[in-house]
Amino acid sequence: MTIDVVRLRVLVAVARAGTVTAAARELHYSQPSVSHHLARLEAETGAKLVQRVGRGLRLTEAGRLLAERGAEILGRLDAASAELSAHVGLRAGRVRLAAFPSALGTFVPAAAARLAKEHPGLDLRLMEAEPPEALRLLRSGEVDVAVVFRYDGTGPEDDGVRLVPLLDDPSLLVTAGPVTPSPAADLAAYAEAPWIAGCERCRAHLLALCAEAGFEPRVSFTTDDYVAVQAMVAAGLGVAVLPRLALSAHRHPGVLTSELPGPARRVHAATYGEPPDPPATAALVAALLRAQLGAGEGAGEGAGDGVGASLSSSVAVHTAVPVPGS
């Protein structure tokens, strides 16, 4: 069986966009052309991939399976193309990075600006993703580097994922300024308070910290948005634990922080596959290593200057490096 890559790309676009019309618009094809490619793909595979529902189409189980595998295949093909381009002296090519929000708000823009200055021919693409999604994108070949974080209790990553340590990011107790003028670093003092939890890894870390302090937190709100977390804390809706990077990226004037004892979360640049990395990937990891120096600083009380510098870097990088969809 031979599967045409163009037709596979059409199927993946239909799965992603949801309709033939949207897929045609995304691919800059006509609707009849998309339908023709789907029909030919069915003939090539001998499988029923789509079925008509009313005036539209939906994927069959076989279609969904092929679309999922197709996305991985196309990601790898695109990655191979970018790697070959990158081998031409880093004068051209593309490198793609997925990172969690507080990294994007602090040291990643500085790394991107450094990469653009040192290798102006490289096209850097940035994408926001929490660690589990970033690692999925990395394994499927949709990104070349993933900036992720791990806590002591985080399970091992999949085989093939290689981690380069970037920095240690301590945890901070975040409380409302007017309510707690001198926040205690002892979590047990807030055992009866409502808590605000974050992403899956951060929530697990919060539960572990509170368990060590002898209580189970009453989680009243859950959000991955560290700006929203601080706003809710400042409004007196609860207390939270945030990493220092989150406070460096954005600090609400109505919150106070106190660094918690214990191990910090560890931030890594993750790559996938056997070494050595392609030159463009290696150049990006090197830029991240240099840019993270001092990234964890300036998140204590009165850290306004550090936050301003981070935001200024973020504005500059978008003018220097093309970032789709931003």
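Overview of values
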item: Number of positions in region 1-20 that are more than 19 Å from E72 (Cβ to Cβ) and either in contact with a helix residue (DSSP H, G or I) (Cβ under 6 Å, 6 or more places away or on another chain) or among the aliphatic types (A, V, I, L, M) (or both); result: 1
item: Members of region 231-265 found to be basic (K, R) and on the phi > 0 side of the Ramachandran plot, listed by number; result: none
item: Residues satisfying the stated conditions in region 222-231, i.e. surrounded by 19 or more Cβ atoms within 10 Å (Cβ to Cβ) and out of contact with any Ser or Thr (no Cβ under 8 Å at 6 or more places or on another chain); result: Q230
item: Filtered residues of region 38-59 (kept if open to solvent by less than 70 Å² (accessible area, probe 1.4 Å) and in contact with an Asp or Glu (Cβ under 8 Å, 6 or more places away or on another chain)); result: L41, E44, L49, V50
item: Unmet criterion (only one of (1) open to solvent by 20 Å² or more (accessible area, probe 1.4 Å); (2) in contact with a strand residue (DSSP E or B) (Cβ under 7 Å, 6 or more places away or on another chain)) for V147; result: (1)
item: Considering residues of region 232-253 that are in contact with a strand residue (DSSP E or B) (Cβ under 9 Å, 6 or more places away or on another chain) and more than 21 Å from D169 (Cβ to Cβ) only, the residue surrounded by the fewest Cβ atoms within 10 Å (Cβ to Cβ); result: A235
item: Scope region 1-34; condition in contact with a Leu (Cβ under 8 Å, 6 or more places away or on another chain) and in a helix (DSSP H, G or I); matching residues; result: V5, R7, L8, R9, V10, L11, V12, A13, V14, A15, V20, V34
item: Test result for P263, at pLDDT below 95, over 17 Å from the mean Cα position of the chain (by Cα) and under 19 Å from F149 (Cβ atoms); result: yes
item: Matching residues in region 157-172 - criterion: being modelled with pLDDT under 90 and over 18 Å from the mean Cα position of the chain (by Cα); result: D159, G160
item: Tabulated pairs, region 239-259, first free of Cβ contacts under 8 Å to residues at least 40 places away in the same chain, second among the polar types (S, T, N, Q), C-beta under 6 angstrom, 6+ apart or interchain; result: H252/Q230
item: Which listed residue is basic (K, R), more than 28 Å from A231 (Cβ to Cβ), open to solvent by 40 Å² or more (accessible area, probe 1.4 Å) and free of Cβ contacts under 8 Å to residues at least 24 places away in the same chain, from R203, R125, R162, R136; result: R136
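The values are calculated or read from the model by the stated rules, or taken from the named source; none is laboratory data. Since the model is a prediction, treat every value here as computed from it, not as a measurement. A quick note on method: Cβ atoms are made from the backbone with ideal geometry, for glycine too, and the neighbour counts reach across all protein chains shown. Side chains included, ligands, DNA and RNA excluded: accessible areas come from the protein's heavy atoms. Shrake-Rupley method; radii C 1.70, N 1.55, O 1.52, S 1.80 Å.
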